[in-house]
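The numbers here are math on the coordinates, done by the rules we state, and not lab data. On a predicted model such as this, the values are computed, not experimentally measured, just so you know. Cβ placement follows ideal geometry from the backbone for every residue including glycine, while neighbour counts extend to all protein chains displayed.
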Amino acid sequence: MKQKLKKYEVMAYFMAVYCTFTVVQNLFEMKTLGTDAFAFGGGGGLLSWATFMIIDISTELFGKKDTIKLYTFAGLLNLFIVVIAQVIIALPGVYPEQNEAFRLIFSNGIRTAFSSFAAFWVGNFINMTVMIKMKEQAGEHDNKFLLFVRAVLSTIVGQFVDNFTFATLAFAPIGISAFEMTWKAIFTSSCFGTFMETVNESIFVPFITIPSITKLKGRFEEEQVA
């Protein structure tokens, strides 16, 4: 007989993994992939599918309240890291080359930092809400196929809102920053990023999302909180 897991223990592991992915994703996002003619999106897109996948699993296992706590804490942690990075940039350093390299890597200023947090929070909230609404619609007819469908559809909606909100707030061509994008670049990068992130998650949903939910649910279902 398998030992029952306590919900807060599993949630702690989810929190650790999710926060790590969130902070690293934000660092990778500082490199825009593409060419002069077409922006594919930020490098963080290579990891953002994983953060949305974790939110899908959390929504199914822990419910709305705990999932909101999860991505809110991760967002605030990421914002804290970004602010501390700006403080370190402002402090004098011994080696000029190292100072410049550090400044470039952590070049997301206050505008970008708060844009990232706003887009991150709104995108995750929409992703979670779509998951919950579709699960309620499925009712007693819910199955693994419907879980796959809502995991993918929630990612499409949530990721696009996340990508477009971030690009608009951080890089809209309104003349207040040296690093801004055209509206065409904002839209194309948001669409392409959403497409790639959705493809990535679609591949992993049958192998990670569904098995994780199925196995964990049976081991602490008596502690489930709506």
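Quick check on my link table: of Lys6/Lys31; Lys7/Lys133; Lys65/Lys215; Lys64/Lys184; Lys64/Lys144; Lys144/Lys184, which ones sit more than 32 Å apart, alpha carbon to alpha carbon? Mind dumping the intermediate values first?
Values: Lys6/Lys31 40 Å; Lys7/Lys133 23 Å; Lys65/Lys215 22 Å; Lys64/Lys184 35 Å; Lys64/Lys144 20 Å; Lys144/Lys184 38 Å.
Those over the limit are Lys6/Lys31; Lys64/Lys184; Lys144/Lys184.
In percent, how large is the relative contact order of region 110-226, given Cα pairs closer than 8 Å and 6 or more residues apart?
Values: 96 pairs, mean separation 32.8, N = 117.
In percent, rounded to a whole number, it is 28.
Convert 25 °C to kelvin, take the viscosity as 0.890 mPa s, use the Kirkwood radius over C-alpha pairs of region 77-117 as Rh, and evaluate the Stokes-Einstein diffusion coefficient in µm²/s, rounded to a whole number.
Details: Rh = 10.5 Å.
It diffuses with D of about 233 µm²/s by this estimate.
In percent, what relative contact order does the chain have, based on Cα pairs under 8 Å that are 6 or more apart in sequence? All intermediate terms of the calculation are to be shown ahead of the outcome.
Working: 268 pairs, mean separation 63.8, N = 226.
The value is 28 percent.
Counting only residues 5 or more places away or on other chains, whose amide H sits under 5 Å from the amide H of Leu33 once H atoms are built in the peptide plane?
Those lying under 5 Å, H to H, from Leu33 are Phe40, Gly41, Gly42, Gly43.
With helices defined as uninterrupted DSSP H runs, which ones in the chain have an alpha carbon span along their own long axis of at least 20 Å and mean Kyte-Doolittle hydropathy of at least -0.5? Don't skip to the end; give the middle numbers.
Values: long enough: 7-28 (31 Å, 0.87); 45-62 (26 Å, 1.27); 64-90 (39 Å, 1.33); 110-138 (42 Å, 0.53); 144-171 (39 Å, 1.30); 183-204 (32 Å, 0.47).
Result, helices passing both filters: 7-28, 45-62, 64-90, 110-138, 144-171, 183-204.
Taking the Cα centre of the chain as origin, sum charge times position over the Cβ atoms of Lys and Arg (+1) and Asp and Glu (-1), and report the length of that vector in debye to the nearest 20. Working shown, then result.
Values: 18 positive and 18 negative charges, 100 e Å.
Charge dipole, the chain, about its Cα centre: 480 debye, nearest 20.
Give the dimensionless ratio obtained when the Cα radius of gyration of the chain is divided by 2.2 N^0.38 Å.
On the way: Rg = 18.8 Å, N = 226, 2.2 N^0.38 = 17.3 Å.
Dividing the Cα radius of gyration by 2.2 N^0.38 Å gives 1.09.
In terms of the ratio Rg/(2.2 N^0.38 Å) built on C-alpha atoms, what value belongs to region 1-135? If you can, show how the numbers build up before the last one.
Numbers: Rg = 17.5 Å, N = 135, 2.2 N^0.38 = 14.2 Å.
Normalised Cα radius of gyration, region 1-135: 1.23.
With only Lys, Arg, Asp and Glu charged, each at its Cβ (+1 for the first two, -1 for the last two), find how big the charge dipole of region 79-175 is about the Cα centre; round to the nearest 20 debye. Intermediate values should be presented prior to the final figure.
Numbers: 6 positive and 6 negative charges, 24 e Å.
Its charge dipole is roughly 120 debye.
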